[in-house]
1. Taking the condition over 28 Å from Ala52 (Cβ atoms), without any contact (Cβ under 8 Å) to a residue 12 or more places away in the chain, exposed (fewer than 11 other Cβ atoms within 10 Å of the Cβ) and not basic (Lys, Arg), does Ala164 pass?
2. Working only within segment 571-607, note down all residues that are within 29 Å of the chain's Cα centre (by Cα) and modelled with pLDDT of 90 or more.
3. Listed residues Arg40, Arg81; which is over 39 Å from the mean Cα position of the chain (by Cα) and among the basic types (Lys, Arg)?
4. When residues of segment 90-103 are filtered for being exposed (fewer than 12 other Cβ atoms within 10 Å of the Cβ) and not hydroxyl-bearing (Ser, Thr, Tyr), how many remain?
5. Looking at Leu57 and the list (1) crowded, with 16+ Cβ neighbours inside 10 Å; (2) over 31 Å from the mean Cα position of the chain (by Cα); (3) without any contact (Cβ under 8 Å) to a residue 60 or more places away in the chain, which single condition is not satisfied?
6. Go through (1) in a loop (DSSP other than H, G, I, E, B); (2) at pLDDT 95 or above; (3) closer than 27 Å to Glu567 by Cβ for Phe373 and report which single condition fails.
7. Quick check on my filter: what residues within segment 175-221 are in a loop (DSSP other than H, G, I, E, B) and either aromatic (Phe, Trp, Tyr) or not assigned by TED's automatic domain parsing to the domain that holds Arg508 (or both)?
8. Working carefully through the options Ala118, Ala173, Ala139, Ala124, find the one that is in contact with a Gly (Cβ under 9 Å, 6 or more places away or on another chain) and over 30 Å from Val352 (Cβ atoms).
Amino acid sequence: MASAVHDHPAGLLQIAAWFALLTGLGEVSGLAVAKWLLQRYLHLSPYVVWMAPATDLALFALAGLGLWAVGRRWPALVSLRGAAFVFALLGCLSLLLMVTRLHAVAALLLAAGLATQASRVIAAYPRGFRLLRRRTTGALAALVVLLAAAVHGWPALAEQRALATLPRPPADAPNVLLIVLDTVRARNLSLYGYGRATTPRLEKFAKRGVLFDRAFATSPWTLPSHASMFTGRYPHEVSADWTRPLDATHPTLAELLSAHGYATAAFVANTIYCSWESGLDRGFARYEDYRVSPGQIVLGSSLARTVLGSAAGGKILRIARQHQRFGRKSAAQLNEDFLRWLPHTERRPFFVFLNYFDAHDPYLPPEPFATMFGPPRPARDPTLLPERRWTPPEMQAEMDAYDGAIAYLDHHLGRLLDGLEAAGVLASTLVIVTSDHGEEFGEHGTMGHGNSLYLPSLHVPLLIVLPSRVPGGRIVPEPVTLRDLPATVVDLLRLPGRRPFPGQSLARHWDGTGGGAAPDPALAEVNFAPGRPGWFPVSKGNMKSLLAGRDHYIRNGDGGEELYDVEADALEQRDRAASPEGLGLLGELRAQLETILRRAALPLLRARPALPGTPAGAAGAPPDGRGA
């Protein structure tokens, strides 16, 4: 074996390929068990079924070439048993690293023991091992190719089948375009009076519709907030949380519009909590999230994920600012994907959901936006870690980059709107521009989001435009909740049949149909994030808040309560909970919160509301989508 090794690397590479394919397919099998049997949230691309074997092929090939180089210099050091040990060690380690509760050192020691035994058996039966490789390598490679074809081809086939079975849509039905600017808080938009010109294109577009001055998300992080926008339900009513996707208990807006003949598609850049695993894809004929990129292929291997996810690997990656290359989709790419799909709607009205991720940390906008509002940041870890102690200059540098990212988003949003107008589509499209949550920049002792219910995390932009059905240039000053978006869409589209979504249509703010009834306060919630015990202030436990008029009430999981007058104290720096006036308001707001929680629990006892096409007599929501 030694002489063959230093003469030519082909023998080692053949062994490396066999071990790599076996390891990659073993990883795929492990992921399938974790996903479908253990119901784990993996945060991985479905393309991992071929990316894992492909990356392992590259890693094992490098190891094989390294062994060959050693064998050329010291032939006696490289034998069949030694080579088998190295490849078996890599393979066993890759598989053991998938066991999340197993320490990396323990995984390495266990892998070394298994590799020792495997190499001993291989060295004892070299002919049998050679025969096994020859008979199975082709089959393993063919299986990888088959999996790759299936994972790439099935979505297209499924979309074609979905479009072929759609019913006839209502005559002159408007299109619907839901645009979510992930992590964009209203406070940093010039559209809302911010001192920096971050959103000139949105300001221009807002003259065509209704701008909501005080719109609030139902949660300060992605998945429960999107779940509310899709189902009209509060976060505590749905399954969506840190480790659980949105289940099928409640119908989604995409399901309803598909049942009315709409072509549905989503183009998503947030692959952390908006991917196919999140459950948000239900009802969409096409759902594009992960893309194929060199970075994503590298991350397909558990060994590569572990190295890059380690303290050293992650730091190098972050300082080198390579996040974009490791699978992150830019606004420009998202626009391109949507506009490429648009001609394939078969002349049907469409419902498209766009999720832009450019303003999510790490803030890495390209030039000229990177330095539009401040100098370049130093080469440090750009991830917005809430646990870190941030100095005022560091927080300002992050804010400058965040504003640049918003300006970049605004620029490409303007280009998208221009493209839709040039295609003659914009005038017949209901456009909703909003965000799922905001961001904290030290206002309350923390950075980022998902860890507080203060206004920087909840106050989001909301703009609704639809010529002929929505007035132009209108500003709504009253507080509203994104939970009402599904009811609003159904109302504005004037769809026939039952309305499966609770909440009230926001059209009441301009068409005079409010009837004088006081709207519910805006409810927001966040649960403790498992595995992040020091993530202040959610370390207090699960939190809920109500925004009623000018009063913002926060109930913390530790029993503490906070109360702010957001009109007199927009930055929420003066807690009024202990004041004489505040003590009186606390009882009233507690009662309102409990009333909403009790009322919201009632629909959970009823059957899933019927959608068009379900059998007569199936349970459904009240036909009036403006009240629930």
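1. For Ala164, the condition - over 28 Å from Ala52 (Cβ atoms), without any contact (Cβ under 8 Å) to a residue 12 or more places away in the chain, exposed (fewer than 11 other Cβ atoms within 10 Å of the Cβ) and not basic (Lys, Arg) - is met.
2. Leu571, Glu572, Leu593
3. Details: Arg40 fails: over 39 Å from the mean Cα position of the chain (by Cα).
After applying the criteria, what remains is Arg81.
4. Filtering segment 90-103 down to residues exposed (fewer than 12 other Cβ atoms within 10 Å of the Cβ) leaves 100-101, 103.
Checking which are not hydroxyl-bearing (Ser, Thr, Tyr) leaves us with 101, 103.
The number of residues fulfilling the criteria is 2.
5. (2)
6. Status for Phe373: all satisfied but (3).
7. Initially, segment 175-221 is screened for residues in a loop (DSSP other than H, G, I, E, B), giving 182-185, 189, 193-199, 207-209, 217-221.
Within segment 175-221, Tyr194, Trp221 qualify.
8. Values: Ala173 fails: over 30 Å from Val352 (Cβ atoms); Ala139 fails: in contact with a Gly (Cβ under 9 Å, 6 or more places away or on another chain); Ala124 fails: in contact with a Gly (Cβ under 9 Å, 6 or more places away or on another chain).
Residue meeting the stated conditions: Ala118.
The values are calculated or read from the model by the stated rules, or taken from the named source; none is laboratory data. Source: prediction; values computed, not measured. For neighbour counting, all protein chains shown are included, and Cβ atoms are generated from backbone atoms with ideal geometry for every residue, glycine included.
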